[in-house]
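In what follows, a single structure is set out as structure tokens and then discussed.
Please treat every number below as a calculation from the coordinates, not as lab data. All figures in this text were calculated on a predicted structure; none of them were measured in a lab. So basically every Cβ, Gly included, is an ideal-geometry build from the backbone, and we count neighbours across all protein chains shown.
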Amino acid sequence: TEDCVLYVPPGTFTGHEALDKFAGDLRATHPHFAYTPVGEPQALHNAGRLAWGSGPRGEASDYTGLDVIIVRDGKIAALYVFLDSMPS
């Protein structure tokens, strides 16, 4: 949605531009990492979740987490990012 909100440990970011900037800044800190789903995504009513791992391509995950989305009118309105541990 135009007013989408990203909730991550460093803070809260609202809107497309803020979300794109956060994602770009994050990817720049470890461009050789890949995000890999762990298990199957699950959906329930207007929400969904996906566990994932991130680490160097082809290697074990350096850190893991869980994303939860809230959907409004068929679009992501909120994304909550839970980390199991902080990246090393």
Please report, to one decimal in angstroms, the Kirkwood hydrodynamic radius of the chain built from all distinct Cα-Cα pairs.
-> 13.8
For segment 1-42, what relative contact order do you get, as a whole percent, if you take Cα pairs closer than 8 Å and at least 6 residues apart?
-> 24
Comparing His45, His30, His16, which has the greatest mean-square fluctuation in the GNM of the chain with Cα pairs linked when under 10 Å apart?
-> His45
Total formal charge among the other residues, if their Cβ is under 14 angstrom from that of Asn46, Lys/Arg +1 and Asp/Glu -1 | +2
For Arg72, Arg49, ascending order of other Cβ atoms within 10 Å (fewest first) is Arg72, Arg49
Over the chain, what is the mean sequence separation of C-alpha contacts under 8 Å (at least six apart), divided by residue count, expressed as relative contact order in percent?
-> 27
Nearest 10 degrees, 0 to 90: helix 16-29 Cα axis against the chain principal axis | 0
Hey, what's the Cα Rg ratio for segment 48-88 versus the globular rule of thumb, 2.2 N^0.38 Å?
-> 1.39
Among Leu6, Thr64, Thr36, flag the residue with its Cα farthest along the positive direction of the charge dipole of segment 4-88, charges on Cβ as +1 for Lys/Arg and -1 for Asp/Glu.
-> Leu6
Determine the distance separating the Cα centre of segment 64-88 from the Cα centre of segment 1-55; give it in Å without decimals.
-> 6
Would you please give the residues with an amide H less than 5 Å from that of Ala34, counting only those at least 5 places away or on a separate chain, with H modeled from the backbone geometry?
-> Gly55, Arg57
